[in-house]
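K.L.:
Sharing a structure, written as structure tokens. Questions coming.
Bear in mind these aren't lab numbers, they're just calculated from the coordinates by the rules spelled out. What you see is a predicted model, and the numbers here were worked out from it, not measured in a lab. Glycine also receives a Cβ, built like all others from the backbone with ideal geometry; neighbour counts cover every protein chain displayed.
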Amino acid sequence: TASFHDDSDEDLLNI
Amino acid sequence: DEATDPSISEENWECIQRFCAQVNAAAEGPLFALRLLAHKIQSPQEGEALHALTVLETCVNNCGERFHSEMAKFRFLNELIKVLSPKYYGIWSSEKVKSRVTEVIFSWTVWFPQEVKIQDAYQMLKKQGIVKG
């Protein structure tokens, strides 16, 4: 039942 | 959907509490909840976005550290920033929604001073002139 979860985060959006 | 129903102006606290309970019960609850809430907060329907902000603030108060660490990631902060930016959803979101989103981010800089990404996001909004004063 283990599921792979990518914990990497995005960068701060450049607006 | 029930907790953010734009056709009802009153908050549906029973629904909101059930939503929080589901967030707490599931392993990936905070991640999925924040994806759903981001989508609702970006709604061009003011009532839906405002309800979603109330749900978000209730989750912040009731869903603990797992929720806090997920909302403090750029992944979710960027979704809030898009509501404020005219390059993204800012042209469709109302001023009322935008000012509440700004208040929410500002309050998190005060309540969660250890969350560096929240501070970064708020500083960037100030630097870009989107948050004034």
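K.L.:
Find the Cα radius of gyration of the stretch B:1-99, compare it with 2.2 N^0.38 Å by division, and give the number to two decimals. Before the final figure, lay out the partial values.
P.N.:
Values: Rg = 12.9 Å, N = 99, 2.2 N^0.38 = 12.6 Å.
Normalised Rg, Cα atoms only: 1.03.
K.L.:
Could you calculate the contour length gain from B:GLU65 to B:GLU10, that is, 0.36 nm times the residue separation minus the distance between their Cα atoms, to one decimal place in nm?
P.N.:
Extending this stretch completely gives an extra 17.0 nm.
K.L.:
Got a sec? Charge dipole of chain B, +1 on Cβ for Lys and Arg, -1 for Asp and Glu; which of B:HIS39, B:ASN61, B:ILE105 is way out at the positive end?
P.N.:
B:ILE105
K.L.:
Next question. So if I place +1 on the C-beta of Lys and Arg and -1 on the C-beta of Asp and Glu, and nothing else carries charge, what would the dipole magnitude of chain B be about its Cα centre? I want it in debye, nearest 20.
P.N.:
Details: 15 positive and 17 negative charges, 158 e Å.
The calculated dipole for chain B is roughly 760 debye.
K.L.:
Among the GluC sites (Glu not before Pro) within the stretch B:1-70, which fall in a DSSP loop and have no more than 13 other Cβ atoms within 10 Å of their own Cβ?
P.N.:
Values: sites: B:GLU2, B:GLU10, B:GLU11, B:GLU14, B:GLU28, B:GLU46, B:GLU48, B:GLU57, B:GLU65, B:GLU70; in loops: B:GLU2, B:GLU10, B:GLU11, B:GLU28.
In loop regions of the stretch B:1-70 (DSSP not H, G, I, E or B), the sparsely surrounded GluC sites (Glu not before Pro) are B:GLU2, B:GLU10, B:GLU28.
K.L.:
Hey, another quick one. Rounded to the nearest 20 debye, what is the charge dipole size of the stretch B:6-66 about its Cα centre when +1 sits on each Lys and Arg Cβ and -1 on each Asp and Glu Cβ?
P.N.:
220
K.L.:
Using only Cα atoms, locate the centre of the stretch B:36-113 and the centre of the stretch B:12-31, then give the distance between them in Å, rounded to an integer.
P.N.:
So the separation of the two Cα centres works out to 17 Å.
K.L.:
Separate question: In whole Hz, with x marking every Gly and Pro, tabulate ³J(HN,Hα) for the stretch B:64-79 from phi via Karplus 6.51 cos²θ - 1.76 cosθ + 1.60, θ = phi - 60°.
P.N.:
My calculation for the stretch B:64-79 gives x, 5, 4, 5, 4, 6, 6, 6, 8, 8, 4, 3, 7, 4, 4, 5 Hz in order.
K.L.:
When you take every Cα atom in the stretch B:41-133, what is the radius of gyration, and what is Dmax, the widest Cα pair distance, in Å?
P.N.:
12.5, 34
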